[in-house]
Amino acid sequence: MPDVETLRPTPDRVRETLFNWLNHLWGGEFADKQVLDLFAGSGALGFEAASRGVAHVQMVERDRTAAAALRTLRDKLKADMIRIHVGDAMQVTERMDASRFDLILLDPPFGQGWLPRLWPLLPGILTERGLVYVEAESPIEAPEGFTILRQDKAGAVHYHLLEFAALRK
């Protein structure tokens with residue numbers, strides 16, 4: 001990956017843990033899943049989802065150099081289920097209308113207040129019982145309509161898996 005200031009690849013151990021959680025929750029069924037990697041960066045999480053056989057991965061990355069590197073890797077791997085969009089996460093999320101995702105991956109740059117701005121937009125693009133994975137500089141609390149299913153810490157990174165639970169009874 002190119003040297004991009006805010007790029008912070010997810011450590012292998014954390015990625016493995018996340019996909020173990022998903023494997024358990026989804027009963028090993030990845031083939032029908034739609035994934036949004038909203039701060040793609042190195043693409044580690046989105047490419048891992050693709051390698052597990054998800055139907056579609058939409059990556060969003062605002063840095064053009066990083067996005068070009070993602071496209072090169074996608075093409076090299078012939079990962080046709082991956083689409084890469086260069087743009088701002090907020091603008092892309094606000095403009096999605098018919099898209100529904102089973103999993104949204106959020107690994108935003110730390111200290112920029114992304115999560116409070118994104119939370120209200122996510123219910124509109126998640127499937128019922130959709131999942132949200134979040135990496136943050138400190139533990140998070142689940143916003144209204146979400147439940148934290150799993151959480152852990154690796155080094156300075158706190159990571160969480162939440163379920164969209166607004167329709168739960």
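FYI, it's all coordinate maths here, none of it is from the lab. In this text, all values refer to a predicted model and were calculated from it rather than measured experimentally.
Listed values, structure above:
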read-out	value
C-alpha center-to-center spacing [the range 44-68, the range 73-127] in angstrom	10 Å
Within the chain, helix-based [θ] at 222 nm, where runs of 4 or more DSSP H residues each add -39,500 (n - 2.57), nearest 500	-8000 deg cm²/dmol
Three semi-axes of the equivalent ellipsoid, the chain, Cα gyration tensor, whole Å, largest first	22, 18, 17
Under 5 Å, built H, 5+ apart or other chain: amide partners of F39	V60, D107
Backbone HN-Hα couplings from phi across the range 116-124 [Karplus 6.51/-1.76/1.60, Hz, Gly and Pro as x]	x, 6, 7, 3, x, 8, 5, x, x
Built amide H within the under 5 Å cut-off of I82, gap 5+	V57
Value of D in µm² per second that Stokes-Einstein yields for the range 83-169, Kirkwood Rh from Cα pairs, at 10 °C (1.306 mPa s)	117 µm²/s
DSSP beta bridges in the chain [antiparallel fraction, %, rounded to 5]	45 percent
